[in-house]
1. Limited to region 2-39, what total is found for residues that are in contact with an Asp or Glu (Cβ under 6 Å, 6 or more places away or on another chain), surrounded by fewer than 22 Cβ atoms within 10 Å (Cβ to Cβ) and either within 30 Å of Ala194 (Cα to Cα) or without any contact (Cβ under 8 Å) to a residue 40 or more places away in the chain (or both)?
2. If Ser139 satisfies all but one of (1) more than 23 Å from Pro191 (Cβ to Cβ); (2) within 16 Å of the ligand (Cβ to nearest atom), what's the number of the condition it fails?
3. Which of (1) within 30 Å of Leu173 (Cβ to Cβ); (2) assigned to a helix (DSSP H, G or I); (3) not basic (Lys, Arg) does Ala194 not meet, given it meets every other one?
4. Of the residues that make up region 203-221, is at least one surrounded by 16 or more Cβ atoms within 10 Å (Cβ to Cβ) and charged (D, E, K, R)?
5. Quick check on region 1-47: of everything there that is in a loop (DSSP other than H, G, I, E, B) and within 8 Å of the ligand (Cβ to nearest atom), which residue is nearest to Gly90 (Cα to Cα)?
6. Which numbered condition trips up Gly134, out of (1) touching a strand residue (DSSP E or B) at 6+ places or on another chain (Cβ under 7 Å); (2) of a type outside the set (Val, Ile, Thr); (3) touching a residue at least 60 places away in the same chain (Cβ under 8 Å)?
7. Yes or no: Val58 surrounded by 18 or more Cβ atoms within 10 Å (Cβ to Cβ) and part of a helix (DSSP H, G or I)?
8. So Val84 passes all but one of these: (1) within 19 Å of the chain's Cα centre (by Cα); (2) loosely packed, with under 15 Cβ neighbours inside 10 Å; (3) more than 10 Å from the ligand (Cβ to nearest atom). Which condition number does it fail?
Amino acid sequence: MAGKLTGKVVVITGGVSGIGLATVELFVEEGACIVVGDIQDGLGTALQQRFLQQVLYVRADVTDDGAVASLVEAAVERFGRLDVMFNNAGAGGDFSALIDLSRGGFDRALALLTHSVLSGHQHAARQFRKQGGGGAIISTASAASFQGGWSGAAYTIAKHAVIGIMRQATAELAPFGIRSNAICPGVIMTPIMASALGVPKTRADEFLRFLTQRFAKVHPIGRVGFPRDVAEAALFLASDASAFITGVSLAVDGGATAVTLSSFNAEVAVATREFLAS
Ligand SMILES: NC(=O)c1ccc[n+]([C@@H]2O[C@H](COP(=O)([O-])OP(=O)(O)OC[C@H]3O[C@@H](n4cnc5c(N)ncnc54)[C@H](O)[C@@H]3O)[C@@H](O)[C@H]2O)c1
């Protein structure tokens, strides 16, 4: 039976861990051929061995524009074309408060989280236009693309800029049938949490179990997110089921960015009763 991505060629950055890995696994099930770009070669080689027919691992540091270009070239060379670009690689970055943020820390965050997404758009769109027939670009943004305070200042600013790239790309590329959408995850249980917060690798799993309970209430839906939740959104945006959808920031956050965390509504009711009784 044909999968939702049968015949499609996909590049996924940051594909050996967390959200990227779950997306590779789901896209393989759905019939895609995938070039995975990452900097963890051991995990990348093992992933390629696991899915030998459908996955090619290429070392690519996404802060290097030439490395992102090489992923698109690898897709064309090995699988003959490119249909989907998933700009997903990232890390927590500089956690400084805005007032303390150095230019160096800010530039590093922008290089990893923003320039990489721009490179992905540019190289994918050039290939799509050369081929004709359009294409899909997906970028992993964040709840921190909508609101301050989810992370450090550099991360928040860099993830806001991802939405800017996606929207400008929509304006310029939609006439060529090229779609660009962003996925904005809430708190997703991936290794990024442990590494970003300085928890040693040996205790990462234990830490994730701890966070899973501790942060369930951050999301109105009552649980944390898992990589597969985000992969399912990526599948929709990569597939022809979303052919009329571009320029969208799709929150995958259990409702977190749709509501206020304060209980204003309940508090104002109590205050009104107190006022009327006074
Ligand atoms: N986990 C969350 O709660 C969460 C929430 C919102 C957004 N995100 C975003 O999701 C994306 C994926 O993160 P994740 O949570 O799966 O983390 P993860 O650490 O599990 O995966 C990130 C991957 O990116 C790779 N990577 C890091 N720097 C790279 C570089 N310079 N070049 C190439 N690859 C590089 C890592 O090796 C890793 O495989 C990131 O963009 C992150 O900012 C995560």
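Bear in mind these aren't lab numbers, they're just calculated from the coordinates by the rules spelled out. Model, not experiment: these values are computed from the prediction. When we count neighbours, we look across all protein chains shown, and the Cβ atoms used for this are built from the backbone with ideal geometry, even at glycine.
1. Adding up the residues that qualify gives 2.
2. (1)
3. Result: Ala194 passes all but (1).
4. No; the residues of region 203-221 include none that is surrounded by 16 or more Cβ atoms within 10 Å (Cβ to Cβ) and charged (D, E, K, R).
5. Looking at the filtered set, the residue picked out is Gly14.
6. Among (1) touching a strand residue (DSSP E or B) at 6+ places or on another chain (Cβ under 7 Å); (2) of a type outside the set (Val, Ile, Thr); (3) touching a residue at least 60 places away in the same chain (Cβ under 8 Å), the lone unmet condition for Gly134 is (3).
7. It is false that Val58 is surrounded by 18 or more Cβ atoms within 10 Å (Cβ to Cβ) and part of a helix (DSSP H, G or I).
8. Going through the list (1) within 19 Å of the chain's Cα centre (by Cα); (2) loosely packed, with under 15 Cβ neighbours inside 10 Å; (3) more than 10 Å from the ligand (Cβ to nearest atom), Val84 breaks only (2).
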